[in-house]
Amino acid sequence: MGLGSYWSKVLDVLEEIIPVYDKVNSIISLGKDEEFRIRGISGRVKQGNAVLDAGSGFGNMSKTALKICNNDLQITLYDPLQPMLKNTRRLFSNSPSLSCGVFEHIPFQDEKFDAVMCGYSLRDALSLKIAILEIHRVLKKGGRFVIVDLGKPDNSFLRFGVSFYLKVILPIIASVAAGKLGFKFGTLYGTYKLWPQNKKLETLLLEKFSKVEFEKAMMGGAIMVAAYK
């Protein structure tokens with residue numbers, strides 16, 4: 001499971017949509033993206049923690065975590081796109097550490113982080129199983145893996161509804177918000193097709209983690225997950 005050969009296309013699109021990335025993501029989530037980040041992070045990322053924001057994008061997960069933890073975190077932003085990281089540094093009052101790479105080859109020692117966060121990014125892994133193994137490796141004992149992402153409902157009727165929104169409605173909304181660049185957000189449906197159903201994702205996490213808390217919203221089309229090492 002993972003994007004496989006589709007990964008390079010997704011990466012090219014992500015680089016193209018950098019100018020409108022945050023604006024459109026907020027709109028297509030119906031304004032719920034920040035709420036879901038707060039729900040996913042609260043109680044799992046704690047003051048003084050060393051945190052890896054994996055697939056960080058503009059660092060929105062980190063910015064939310066810093067607010068919750070009174071700016072008392074050691075943040076490392078980690079993303080495969082150097083232009084994304086370059087644009088990110090200026091958005092933080094205290095410059096976080098930056099590192100460029102993929103989920104499947106995280107360039108940090110074992111048990112380095114108290115928490116790893118993936119905000120709308122784990123879905124873009126080349127290999128989901130290897131990504132989970134690597135994230136587990138760099139977490140300290142008792143560490144938390146926080147995922148906020150699209151969910152793929154187990155119920156077929158609900159799954160059809162979420163798929164229809166992503167495939168048909170989302171590109172229209174995104175194009176209204178961002179013009180021609182908005183149509184590029186249609187690749188999001190391609191990543192969703194390759195994303196496991198919610199129960200399968202939970203099962204994958206339980207293969208490595210001792211406990212998984214799995215919260216759903218928007219008919220199962222949004223998930224907030226915490227996996228404990």
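The values are calculated or read from the model by the stated rules, or taken from the named source; none is laboratory data. Values in this document were obtained by computation on a predicted structure and should not be read as measured data. Positions of Cβ are generated from backbone atoms using ideal geometry, with glycine treated the same way; all protein chains shown enter the neighbour counts.
Summary of values
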read-out	value
Single residue of the range 81-95 satisfying the filter (without any contact (Cβ under 8 Å) to a residue 40 or more places away in the chain and either among the charged types (D, E, K, R) or not in a helix (DSSP H, G or I) (or both)) that is surrounded by the most Cβ atoms within 10 Å (Cβ to Cβ)	F92
Pair list, Cβ < 6 Å and 6+ apart or interchain, from the range 205-229 residues that are without any contact (Cβ under 8 Å) to a residue 40 or more places away in the chain and of a type in the set (F, W, Y) to residues that are surrounded by 17 or more Cβ atoms within 10 Å (Cβ to Cβ) and not in a loop (DSSP other than H, G, I, E, B)	F214/E202; F214/V225
Residue ID - nearest to the chain's Cα centre (by Cα), chosen from residues in the range 144-160 that are surrounded by fewer than 16 Cβ atoms within 10 Å (Cβ to Cβ) and either outside any helix (DSSP H, G or I) or of a type outside the set (S, T, Y) (or both)	D154
Single unsatisfied condition, F209 versus (1) in contact with a Lys or Arg (Cβ under 7 Å, 6 or more places away or on another chain); (2) surrounded by fewer than 19 Cβ atoms within 10 Å (Cβ to Cβ)	(2)
Filter result (surrounded by fewer than 24 Cβ atoms within 10 Å (Cβ to Cβ), of a type outside the set (F, W, Y) and not in a helix (DSSP H, G or I)) within the range 58-77	C69, N70, N71, D72, L73, Q74, T76
Pair list, Cβ < 6 Å and 6+ apart or interchain, from the range 173-190 residues that are closer than 19 Å to S121 by Cα and assigned to a helix (DSSP H, G or I) to residues that are modelled with pLDDT of 75 or more and among the basic types (K, R)	Y189/K167
Top-ranked residue of the range 191-200 - restricted to ones that are of a type outside the set (S, T, Y) and in contact with a Leu (Cβ under 8 Å, 6 or more places away or on another chain), ranked as modelled with the lowest pLDDT	L194
Close pairs (9 angstrom Cβ cut-off, 6 or more residues apart or separate chains): more than 24 Å from T64 (Cβ to Cβ) in the range 4-26, among the small types (G, A, S) and not in a helix (DSSP H, G or I) anywhere	G4/S127; W7/A125
